[in-house]
Amino acid sequence: MTVSVTNHLNFRGDARAALEFYQSVFGGDITIVTYKDAHSVQDPSEANQVMWGQVAAKNGFRVMAYDVPSRMPWDEGKNAFFVSVRGDSDKEITALWEKLSVGATVAQPLAPSGWAPLYGMLKDRFGITWVLDVATEYKAH
């Protein structure tokens, strides 16, 4: 089993530009899944914004980002990032979720989603927002 931890940066409409910038700095492949791509559009004006994006370089650099939808609160000083933990198996992620969720506020229960076999989000007892999921392959474009 393997686990990786990746910075997950949150933006309000600038995620694509940020990912393109980080790719220009660090190299690697960029992957972007829009709300439209994931069939998760709630506001048509945000359909082409980034629901999930990543830059991954062979040198080990990796960063993830998304555009916080307008229906959700966003403040650069309060929720500018998530800690993202990706694993290879449901069992592995569920075990980590169970430990992290003690004393936490669950924002999205751990369950299958449209983009991952298992996904959940919580704010731990220290105020850190974590997203956990079972890794899924996405094609770079």
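The values are calculated or read from the model by the stated rules, or taken from the named source; none is laboratory data. Computed from a prediction, not measured in an experiment: that's the story for all the values here. Ideal geometry is used to build each Cβ from the backbone, glycine not excepted, and the neighbour counts take in all protein chains shown. Accessible surface is based on the protein model in full, side chains and every heavy atom, while ligands, DNA and RNA are left aside. Shrake-Rupley method; radii C 1.70, N 1.55, O 1.52, S 1.80 Å.
Of the residues Leu96, Leu118, Leu132, only one is closer than 26 Å to Arg12 by Cβ, among the aliphatic types (A, V, I, L, M) and at pLDDT 90 or above; which? Can you show your working first?
Details: Leu96 fails: closer than 26 Å to Arg12 by Cβ; Leu118 fails: closer than 26 Å to Arg12 by Cβ.
Unique residue meeting the criteria: Leu132.
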- line: Reported set for the range 83-125 where residues are surrounded by fewer than 16 Cβ atoms within 10 Å (Cβ to Cβ), in a strand (DSSP E or B) and among the polar types (S, T, N, Q) is Thr105, Gln108
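Can you pull out every residue in the range 1-27 that is in contact (Cβ under 8 Å) with a residue 24 or more places away in the chain, of a type in the set (A, V, I, L, M, F, W, C) and farther than 30 Å from Asp90 by Cα?
Going through the range 1-27, the residues in contact (Cβ under 8 Å) with a residue 24 or more places away in the chain turn out to be 1-16, 18-19, 22-23, 26-27.
Then keep just the ones that are of a type in the set (A, V, I, L, M, F, W, C); that gives 1, 3, 5, 9, 11, 15, 18-19, 26.
Across the range 1-27, the qualifying residues are Ala18, Phe26.
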query: Being touching a Ser or Thr at 6+ places or on another chain (Cβ under 8 Å) and of a type in the set (Lys, Arg), is that true of even one residue in the range 64-79?
result: no
message: All but one of (1) open to solvent by 90 Å² or more (accessible area, probe 1.4 Å); (2) under 23 Å from Lys123 (Cβ atoms); (3) of a type in the set (Phe, Trp, Tyr) hold for Phe21; state the number of the condition that does not hold.
response: (2)
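Going through Gly13, Gly103, Gly28, Gly87 one at a time, which residue ends up being more than 25 Å from Lys123 (Cβ to Cβ) and not hydrophobic (A, V, I, L, M, F, W, C)?
Details: Gly13 fails: more than 25 Å from Lys123 (Cβ to Cβ); Gly103 fails: more than 25 Å from Lys123 (Cβ to Cβ); Gly87 fails: more than 25 Å from Lys123 (Cβ to Cβ).
Just one listed residue meets the conditions, Gly28.
With respect to Ser70, determine if the residue is touching a residue at least 40 places away in the same chain (Cβ under 8 Å), hydroxyl-bearing (Ser, Thr, Tyr), in a loop (DSSP other than H, G, I, E, B) and surrounded by 13 or more Cβ atoms within 10 Å (Cβ to Cβ). Steps first, answer last, please.
Values: touching a residue at least 40 places away in the same chain (Cβ under 8 Å): yes; hydroxyl-bearing (Ser, Thr, Tyr): yes; in a loop (DSSP other than H, G, I, E, B): yes; surrounded by 13 or more Cβ atoms within 10 Å (Cβ to Cβ): yes.
The answer is yes for Ser70.
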task: Mind listing whichever residues of the range 24-42 are under 22 Å from Pro73 (Cβ atoms) and either within 13 Å of the chain's Cα centre (by Cα) or open to solvent by less than 40 Å² (accessible area, probe 1.4 Å) (or both)?
output: Thr34, Tyr35, Ala38, Ser40
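Any residue at all in the range 43-60 that is open to solvent by 30 Å² or more (accessible area, probe 1.4 Å) and assigned to a strand (DSSP E or B)?
Within the range 43-60 (the criterion being open to solvent by 30 Å² or more (accessible area, probe 1.4 Å) and assigned to a strand (DSSP E or B)), the answer is no, since none of the residues qualifies.
For the range 9-16, indicate whether the set of residues that are more than 21 Å from Val83 (Cβ to Cβ), part of a helix (DSSP H, G or I) and within 16 Å of the chain's Cα centre (by Cα) is non-empty.
yes
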field: Of all residues in the range 92-140 being of a type in the set (Val, Ile, Thr) and in contact with a Lys or Arg (Cβ under 6 Å, 6 or more places away or on another chain), the one that is nearest to Asn7 (Cα to Cα)
entry: Thr129
